[in-house]
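Written out below as structure tokens is the structure these notes cover.
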Amino acid sequence: MITLRQDIFTEDALKIADWLEDHEIVAYLNEEDQISDQIRQMVNSSNLPIYNQIFNRRGLFYLICLHGESIGYVKFVPKKSGHEIVITIGDKGLWGQGYGKTALKKALSEAFFSLRYEKIDAKIKTMNKRSLFMFEHIGFETNTNSTDMHHLSMDMDTFLKIAA
């Protein structure tokens, strides 16, 4: 069963750093260079048992968990026009099995029902065909496209129609 969890423990932070060192995973993301080094340095220089406050500095951050074990993450990044969603399944062995889609639906429920966001945006690299299909299949609509990026969005009204 897929759940979203906000508590980020040391083992989770190190797992995220591992994912962000995998070139195949990072190729689909827009993360900062050297972010995995920053995470490892943070863990090594701290004795914190939990890292929520650090991972939530640039927006709300949730772990995607399968039976309690972290397999990826979702974050909501505040933007001028609303919030941008970033979703990653870091365990490549689980790609293509529907976990991202389930996590995206749970994240959208959280965004629209709990957080009361009006609109969610997504930027997906053109080469990330699976993710693009997933977002479109769930109901995101294309705003603009460039040669390397698709800009999509969904508002609360659209989500309510789909969820009903």
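The values are calculated or read from the model by the stated rules, or taken from the named source; none is laboratory data. A quick note: this is a predicted structure, and the numbers were derived from the prediction, not measured. Positions of Cβ are backbone-derived with ideal geometry, glycine not excepted, and every protein chain shown enters the neighbour counts.
Check whether at least one residue in segment 155-163 is more than 15 Å from the chain's Cα centre (by Cα), in a strand (DSSP E or B), touching a residue at least 24 places away in the same chain (Cβ under 8 Å) and over 19 Å from Asn30 (Cβ atoms), and report yes or no.
Yes, some residue in segment 155-163 is more than 15 Å from the chain's Cα centre (by Cα), in a strand (DSSP E or B), touching a residue at least 24 places away in the same chain (Cβ under 8 Å) and over 19 Å from Asn30 (Cβ atoms).
When you scan segment 124-145, how many residues do you find that are in contact (Cβ under 8 Å) with a residue 12 or more places away in the chain and not in a strand (DSSP E or B)?
13
If a residue counts only when it is of a type in the set (A, V, I, L, M, F, W, C) and touching a residue at least 40 places away in the same chain (Cβ under 8 Å), which strands (runs of 3 or more DSSP E) contained entirely in segment 15-94 have at least 3 such residues? Give the derivation first.
Values: elements: 60-66, 69-79, 82-89.
Where strands (runs of 3 or more DSSP E) fall fully within segment 15-94 and carry at least 3 residues being of a type in the set (A, V, I, L, M, F, W, C) and touching a residue at least 40 places away in the same chain (Cβ under 8 Å), they are 60-66.
Starting from residues that are of a type in the set (A, V, I, L, M, F, W, C) and within 23 Å of Trp95 (Cα to Cα), keep the ones in segment 130-164 and report whichever is surrounded by the fewest Cβ atoms within 10 Å (Cβ to Cβ). Steps first, please.
Our first condition is that a residue be of a type in the set (A, V, I, L, M, F, W, C); within segment 130-164, this holds for 132-135, 138, 140, 149, 152, 154, 156, 159-160, 162-164.
Filter once more, so that each one left must be within 23 Å of Trp95 (Cα to Cα): 132-135, 138, 140, 149, 152.
Values: Leu132: 19, Phe133: 12, Met134: 18, Phe135: 25, Ile138: 16, Phe140: 24, Met149: 14, Leu152: 21.
If we take residues in segment 130-164 being of a type in the set (A, V, I, L, M, F, W, C) and within 23 Å of Trp95 (Cα to Cα), then Phe133 is surrounded by the fewest Cβ atoms within 10 Å (Cβ to Cβ).
Would you tally the residues in segment 38-63 being surrounded by 15 or more Cβ atoms within 10 Å (Cβ to Cβ) and among the basic types (Lys, Arg)?
1
Considering only residues that are among the aromatic types (Phe, Trp, Tyr) and closer than 28 Å to Arg130 by Cα, look in segment 1-58 and name the one that is modelled with the lowest pLDDT.
So in segment 1-58, the residues among the aromatic types (Phe, Trp, Tyr) come out as 9, 19, 28, 51, 55.
Cutting the leftovers down to closer than 28 Å to Arg130 by Cα gives us 19, 28, 55.
Numbers: Trp19: 94, Tyr28: 86, Phe55: 92.
Only one residue fits best here, namely Tyr28.
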